[in-house]
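A.B. asks: First the structure, which I've put down as structure tokens, then a few questions once you've had a look.
The values are calculated or read from the model by the stated rules, or taken from the named source; none is laboratory data. No experiment lies behind these values; they were computed from the predicted model shown. Because the Cβ atoms are built from the backbone with ideal geometry, glycine has one as well, and the counts that use them run over all protein chains shown. Note: areas computed on protein heavy atoms with side chains; ligands, DNA, RNA excluded. Shrake-Rupley method; radii C 1.70, N 1.55, O 1.52, S 1.80 Å.
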Amino acid sequence: MVRLNNSADVRSVAMVCVAVALILVPQFLKLPSALAVPWLLVAFLACCASHVVVHNHNHRVIFTGDTANIAFNLFATVSRGHCASDVHIAHNQNHHLEQGRDGDWIRPSLGGHGHPALCLARYIGRATLSMLRERRRLGWDGMWRLPQPFRTSILMEKVFLPCVIVVLALHDWRMFLLFCVLPWAASLAWLVGVNYVQHEGCDPESRFGHSRNFTGAFTNWLLFNNGYHTAHHLDSGQHWSELSEAHRRIAASIPPALIEASAARYMVRRYILPKTNGIEIGA
């Protein structure tokens with residue numbers, strides 16, 4: 001019998017289902033042209049949320065049984081256009097250990113210097129290439145380091161995803177490019193970029209100053225409390241539904257400059273209308 005480890009993950013599974021539906025429906029049903037742009041926007045947001053679900057799942061599996069978790073990985077792979085179990089290699093095994101230091105494949109220093117928006121764009125490209133290079137360097141050894149069910153699942157995902165891509169592209173390549181590739185690519189760029197936003201200017205050696213936090217209600221609803229990033233890094237085994245309370249307990253210890261009420265306002269202030277090209281954060 002399929003069982004959830006935590007009942008709150010009904011919403012996690014539902015979000016991935018929504019993302020897959022938004023990607024696949026336009027392949028088989030013709031949408032009114034007026035719906036194309038809003039559909040793509042909602043699909044992008046759902047894919048972003050699915051990335052967070054997969055991130056959470058890699059830290060703490062959603063289902064009690066390996067078979068259900070493998071099936072979920074395959075389904076979630078379609079929602080993000082990228083193997084779900086790959087997250088474990090780059091994120092769990094590297095980022096959480098190195099946490100922005102020189103050994104981190106996605107360290108903030110990859111953004112370089114200059115206008116903050118340029119640094120963010122540069123970071124997305126460099127961090128993506130860094131992960132590709134390091135995964136290639138690890139090769140099969142990286143996969144064999146994965147815990148179950150991800151070790152078995154990743155082999156299936158690497159066969160399943162190309163098959164899905166070929167079938168959809170042959171069915172209708174124009175709709176595939178527009179409603180699959182575009183949300184996939186945009187949300188993957190967002191996933192890489194959000195790590196920069198959460199760690200840029202922070203101190204990886206500081207217990208409470210290594211991550212930026214966003215406390216807005218909508219951000220944390222959509223992204224499954226990923227805004228409470230310091231609490232997540234302090235105990236990555238916590239279920240996402242526990243992070244709000246965990247953040248509340250440590251908020252007084254986090255440097256005030258690393259707590260933002262609004263992600264949107266911070267993005268405008270930092271990357272669109274910056275007052276300075278640097279950030280200085282105390283430990």
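A.B. asks: Towards the positive end of the charge dipole of segment 204-283, with charges on Cβ (+1 Lys, Arg; -1 Asp, Glu), say which of Met267, His232, His210 has the farthest Cα.
C.D. replies: Met267
A.B. asks: So what is the relative contact order for segment 159-283, in percent, with contacts set as C-alpha pairs under 8 Å and at least six apart? It would help to have the intermediate numbers written out before the result.
C.D. replies: On the way: 112 pairs, mean separation 30.1, N = 125.
With pairs under 8 Å counted, the relative contact order is 24 percent.
A.B. asks: Further, regarding this structure: Can you list the residues, at least 5 places off or on another chain, whose amide H is less than 5 Å from the amide H of Ile259, using H built in the peptide plane?
C.D. replies: Those qualifying (amide H under 5 Å, at least 5 residues apart or on another chain) are Asn213.
A.B. asks: Defining a contact as two alpha carbons under 8 Å apart and six or more residues distant in sequence, what relative contact order in percent does segment 69-131 show?
C.D. replies: 20
A.B. asks: Taking the mean number of other Cβ atoms within 10 Å as a proxy for protection, how do you rank 10-18, 179-187, 76-84, 34-42 from highest to lowest?
C.D. replies: In decreasing order of mean packing, 10-18, 179-187, 76-84, 34-42 become 76-84, 179-187, 10-18, 34-42.
A.B. asks: Strictly greater than 19 Å: what percent of every Cα pair in segment 129-283 meets that?
C.D. replies: 67
A.B. asks: Taking R0 as 25 Å, what FRET efficiency do you get between Ser262 and Leu41 from their Cβ-Cβ distance, rounded to the nearest 0.05?
C.D. replies: That gives a FRET efficiency of 0.80.
A.B. asks: In whole Hz, what ³J(HN,Hα) sequence does segment 2-11 give by Karplus (6.51, -1.76, 1.60; θ = phi - 60°), x for Gly and Pro?
C.D. replies: With the stated coefficients, segment 2-11 comes to 7, 10, 7, 6, 9, 4, 5, 7, 4, 5 Hz.
A.B. asks: Sticking with this one: Using the eigenvalues of the Cα gyration tensor, what equivalent ellipsoid semi-axes result for segment 53-150 when each is taken as the square root of five times the eigenvalue, whole Å, largest first?
C.D. replies: Details: eigenvalues 153, 43, 28 Å².
Whole-Å semi-axes of the equivalent ellipsoid: 28, 15, 12.
A.B. asks: Would you work out the relative contact order for the chain, in percent, from Cα pairs under 8 angstrom that are 6 or more residues apart?
C.D. replies: 21
A.B. asks: Sort all Cα-Cα distances of the chain into consecutive 10 angstrom bins from zero, then give the percent of pairs in each bin up to the one containing the longest distance.
C.D. replies: Once binned at 10 Å, the Cα pair distances of the chain give 6, 27, 36, 23, 6, 0.
A.B. asks: With +1 assigned to the C-beta of every Lys and Arg and -1 to the C-beta of every Asp and Glu, and no other charges, what is the dipole magnitude of the chain about the Cα centre in debye, to the nearest 20? Please list the in-between numbers first.
C.D. replies: Numbers: 25 positive and 18 negative charges, 86 e Å.
The dipole of the chain has a size of about 420 debye.
A.B. asks: Right, something else. Considering only protein heavy atoms and a probe of 1.4 Å, how much of the accessible area of the chain is carbon and sulfur, as a whole percent? Intermediate results must be reported in sequence, preceding the final value.
C.D. replies: Details: 8800 of 13490 Å².
Of the solvent-accessible surface of the chain, carbon and sulfur hold 65 percent.
A.B. asks: So for the chain, taking the charge dipole from beta-carbon charges (+1 Lys/Arg, -1 Asp/Glu), which of Cys83, Phe72, Gly100 sits furthest toward the positive end?
C.D. replies: Cys83
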